[in-house]
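Below is one structure, written out as structure tokens, with a few remarks after it.
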Amino acid sequence: MTEPIIGIDLGTTNSAVAIIENGTPKIIPIEDQSTMPSCVGLDGQGHLLVGQTALNQLAANPESTVTSIKRQMGKNTTVRLGDRSFSPEEISALILGKLKSAAEDYLKQAVNKAVITVPAYFDEGQRKATTDAAKLAKLEAVRIINEPTAAALAYDAESASNQTLLVYDLGGGTFDVSVVVVEEGVVEVKASHGDTELGGDDFDEELVQHVGTQFKNTHGLEIGDDLKAKRRLKVALERAKCTLSDQPYVKIDEDFLYEGKHLTSEISRELYEQRIASYLEKTLGCMHQAMKDAGITPQQLDKILLVGGSSRTPAVSNLIESTLEIEPSLEVNPDLIVALGAAVQAGTLAGVESQSILVDITPHTFNTSTLNSSFIGPHLICVPIIKRNTPLPCRKAEVFYTVSDRQEQVTVDVSQGESSIPEENTTIGEFVVAGLSPVPSGNPIIIEFALDLNGMLKVTATEKSTGLSKEVAIDTTKQTRTFDLEEARENIAAISGETILSDENAPIDAENDHQAILTESKSLKKRAEALDSSGLDAADVDEIQDLVKRTRSAILEQDWEKVHGLNQNLSDVLFYLED
Ligand code: ADP
Ligand code: MG
């Protein structure tokens, strides 16, 4: 058996270690976690703490705890820990030592060699300091590779095809974006740009400011005056921030936070996204600069890889997608991808065959639909809750609002597919939540989708103000590619206790006719929506609106003859207007 070589992501905030196992890169757990805080400390008795335990005492014991040592690498400086001082290499060596021993426990053999990643912008001095830190930890750094290179390797270890990738790495304290080209299996960083003072820490601080202001308004007290209370708040808000990546709201409850006063607050994802918008705009600026430096246009990009814990914020991928019109890849965990890529490189150096990472992902997007307004009146559009290529298992929620005053119930429909047009996706279920509070329109309803490893989708709708909720489970693996109306109807009936379309006993031929008529009216409605309303007469707009409205009632009445007639009318009007 060859001597093992491990791959290490020595991060500013978190570190991770991985190895090739049975041909694929695997993360080695450290105290049952996939990553370890890059944090070192001394406890009250002077015992060394590395990782989570050191981070846990940060709030209580800041003088004896060191974080973000990576920022000091290559500088001739020291940091204090209790009454002693340490070089950045020494602190990093303690972190590397813990990763090494986690790997040894896992592999049940000695580990003496590693591939370690560094940011693309690290200069020779910083790379040398990293190698020295490894030596202090009794690890030979057989290769130092760039983080974006590692990400590209993890993503497509054996792809023979030539590819141009954009690696967007938003970590705890730094942001890097690189253009990476893979040619004949050789990975090269063409351009790199970034901001060494931008990351998740800034987002935490935004939330601390927000909640601090609320606290001041309620109690007239400045939390910032008390370092311990402020640190405690920061820990709570970092956790809250991560929750907001999957949920539309998060509650914060900190008893006796400051001067005996409790802090309770609720933050919405919407507010959070507003607070960090200017930071995200800045990352886009860097992204354009890196592409310019590499001399490529967005059209030349084959893929966008999201790296770093902070890139889990949904606003990040949404913003990139709307700017570049490319959907970023979500297949590999952004906080593990660099360590996994380091393991791929390590495997190659150790002479171990490896292939790309195998992950369970959902191949489809799961949507619910919501009302949207256009000039022909409100119409339904699909809103993705879980996007395709999301690793399994996953749980995501979004908030929707009632449209009418005293609205008593909402219908939640669930569809599978990539379109925003409901007719183009496959309906896989529908259910009703009744008994909502008699309040004005805008009552928030949280819709959560949870998809397990077996493809079971659990959908929960909850009225935010009361907690009233309803849940259904849908087996998505049973879905065939074609839309099986009968099965869907049974499905719907089973979960909602009522049939949505009640022509169950209609003969097959008539059923087909109805389907054809329905399909036609849907496509006409789409054509109507696509018209440029600014170029139309008021009379024409009225006529279209009227026809669409009457068609909708006729469909509800299941008067197919009437629908057919209205379709012809609408078709004539559109024919003349589209010309
Ligand atoms: P680094 O490369 O700096 O070591 P990481 O890639 O581990 O950092 O990113 C750490 C940052 O990611 C922290 O600010 C952390 O709060 C943030 N983070 C981790 N998970 C999430 C999440 N689910 N949503 C938003 N931010 C997250
Ligand atoms: Mg990182």
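The numbers here are math on the coordinates, done by the rules we state, and not lab data. On a predicted model such as this, the values are computed, not experimentally measured, just so you know. All Cβ positions, even for glycine, are placed from backbone atoms using ideal geometry, and neighbour counts span all protein chains on display.
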Rounded tilt (10° steps) of 227-243 against the dominant C-alpha axis of the chain: 40
Amide hydrogen neighbours beyond the local backbone of residue 15, cut-off 5 Å, H modeled: 36, 38
Greater than 22 Å apart at Cα, pairs in 522/562; 70/251; 470/549; 98/228; 241/303: 70/251; 470/549; 98/228; 241/303
Stretchable slack from residue 239 to residue 221, in nm (0.36 nm times residue separation minus alpha-carbon distance): 4.1 nm
Inter-part distance where the range 161-204 and the range 84-127 are each reduced to a Cα centre, Å: 21
Value of Rg to Rh for the chain (Rh from inverse mean 1/r over Cα pairs, i.e. Kirkwood): 1.04
Helix 560-578 vs. the chain, principal-axis angle (Cα, 0 to 90°, nearest 10): 70
Using θ = phi - 60° and Karplus 6.51 cos²θ - 1.76 cosθ + 1.60, couplings along the range 516-526 (whole Hz; Gly, Pro as x): 5, 5, 4, 4, 5, 5, 5, 6, 5, 4, 5
Amide H contacts under 5 Å for residue 372, placed H, 5+ residues apart: 379, 380, 381
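Compute the signed sum of charges (Lys and Arg +1, Asp and Glu -1) over the other residues within less than 12 Å, Cβ to Cβ, of residue 74. All intermediate terms of the calculation are to be shown ahead of the outcome.
Details: positive: 70, 71, 75, 127, 128; negative: 89, 123, 124, 132.
Summing Lys/Arg as +1 and Asp/Glu as -1 gives +1.
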Relative contact order (%) - the chain, alpha-carbon pairs under 8 angstrom, separation at least six: 12
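Please give me the summed charge of the neighbours of residue 129: other residues whose Cβ is under 11 Å from its Cβ, Lys and Arg +1, Asp and Glu -1. Kindly include the intermediate steps, with their values, before the conclusion.
Numbers: positive: 70, 75, 127, 128, 135; negative: 89, 90, 123, 124, 132.
My count for the surroundings of residue 129 gives 0.
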Descending principal axes extents, the range 364-473, alpha-carbon based, whole Å: 39, 35, 17
Rounded Å value of the spacing that divides the Cα centres of the range 245-306 and the range 387-463: 24
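Divide by every residue of the chain the summed helix terms, -39500 (n - 2.57) for each DSSP H run of at least 4, and state the resulting mean residue ellipticity at 222 nm, rounded to the nearest 500 deg cm²/dmol. Display every interim value, and only then the final one.
Values: 13 runs with 209 residues, N = 579.
Theoretical 222 nm ellipticity from helices: -12000 deg cm²/dmol.
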Crossing angle, helix 269-294 versus the chain [Cα axis fit, 0-90 degrees, rounded to tens]: 70
